[in-house]
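Please read the structure below before turning to the comments.
The values are calculated or read from the model by the stated rules, or taken from the named source; none is laboratory data. Here the structure is a predicted model, which is why all the values come from computation and not from measurement. With ideal geometry, Cβ positions are generated from the backbone for all residues, glycine too; neighbour counts draw on all protein chains shown. Side chains included, ligands, DNA and RNA excluded: accessible areas come from the protein's heavy atoms. Shrake-Rupley method; radii C 1.70, N 1.55, O 1.52, S 1.80 Å.
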Amino acid sequence: MEDHAKTNTLLERAEALARSRLSDKRYEHTLRVADTAEDLALAHDLEADRARLAALLHDAAREIGPEEFLILADKWHLRVGDPERQSPKLLHGPVAAELARRELGIDDEEVLEAITAHTTGRPGMGALALVLYVADKIEPARDYPSVGRLRTLATEDLRRAAEESLRRAIAHNEQRGKTTHPASLAMLDWLEADRITQSRIEQ
Ligand SMILES: [Fe+2]
Ligand SMILES: [Fe+2]
């Protein structure tokens, strides 16, 4: 009972933090991702509360300015590579995870990993991180040709849904002459290798 009350308070505080830092549009996106992440967690026997918590916080740093991202990253010793220096908003996941840790005292490493990795993904990410990564791409307001298929796939197989979603993002970048973050490419390699191993086991 006490744990339940604690979880509810934490979820309320996370929602309030997102509300205080985000425009209506981004806050509403956040709530849709939270509902989607919860549904996906339930579909895959994961803890819905932890998925919701990560989702409520995932974009909490999204409206920080480019210079402040770099200042905070330096102060908090976050990894800043060339892609982040060129596009500081790539730091909004890692910075949001630090806010979660510092402002809400969250120390659940899987929740923090999910928040950190939600933008670029990363190889070897855990199930909760995959839930958030995919939920962000398929929340109900997302509208692109393959989204329906991805929504179905997401309830069946999270890794395959993440793989499809990554391929789509990479193709999109290529069309616009943009490079893809190395962590996303490494994540795709990881998911492909995992799929090949899995199909060998099933044979
Ligand atoms: Fe984001
Ligand atoms: Fe998002």
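Label-to-label distance, Gln175 versus Ser87, with points set 7 angstrom from Cα along the beta-carbon direction: 1.5 nm.
Across segment 1-139 the C-alpha pair distances fall into 10 Å bins from zero in the proportions 13, 46, 34, 7, 0 percent. Seen through its C-alpha gyration tensor, with square-root eigenvalues sorted a ≥ b ≥ c, segment 135-203 comes out oblate because a/c lies at 1.5 or above while a/b is not bigger than b/c. Shown is the FRET efficiency for Asp35 and Glu2, computed with R0 = 30 Å from the Cβ-Cβ distance and rounded to the nearest 0.05: 0.70. The value of relative contact order for segment 1-121, using C-alpha pairs under 8 Å at least six residues apart, is 25 percent. Restricting attention to the chain, the count of lysine pairs at 8 or more positions apart or across chains with alpha carbons under 28 Å apart stands at 7.
When both segment 170-203 and segment 133-153 are represented by their alpha-carbon centers, they are found 18 Å apart.
In a reduced charge model with +1 at each Lys and Arg Cβ and -1 at each Asp and Glu Cβ, the chain shows a dipole moment near 740 debye about its Cα centre. Taking all protein chains into account, the per residue accessible area for the chain stands at 54 Å² (1.4 Å probe). For segment 1-67, a crude dipole built from +1 on the beta carbon of Lys and Arg and -1 on the beta carbon of Asp and Glu, taken about the Cα centre, is about 280 debye to the nearest 20. Model label points for Asp24 and Ala43, set 7 angstrom from Cα along the Cα-to-Cβ axis, are 3.0 nm apart.
The mean sequence separation of alpha-carbon pairs under 8 Å and at least six residues apart, normalised by the residue count of the chain, gives a relative contact order of 19 percent. For Glu12 and Tyr144, the FRET efficiency from 1/(1 + (r/R0)^6), where r spans their Cβ atoms and R0 equals 30 Å, is about 0.35.
Roughly speaking, what % of Cα-Cα pairs in segment 45-123 are separated by over 15 Å, rounded to a whole number? Mind showing how you got there, number by number?
Details: 1603 of 3081 pairs.
The answer is 52 percent, as a whole percent.
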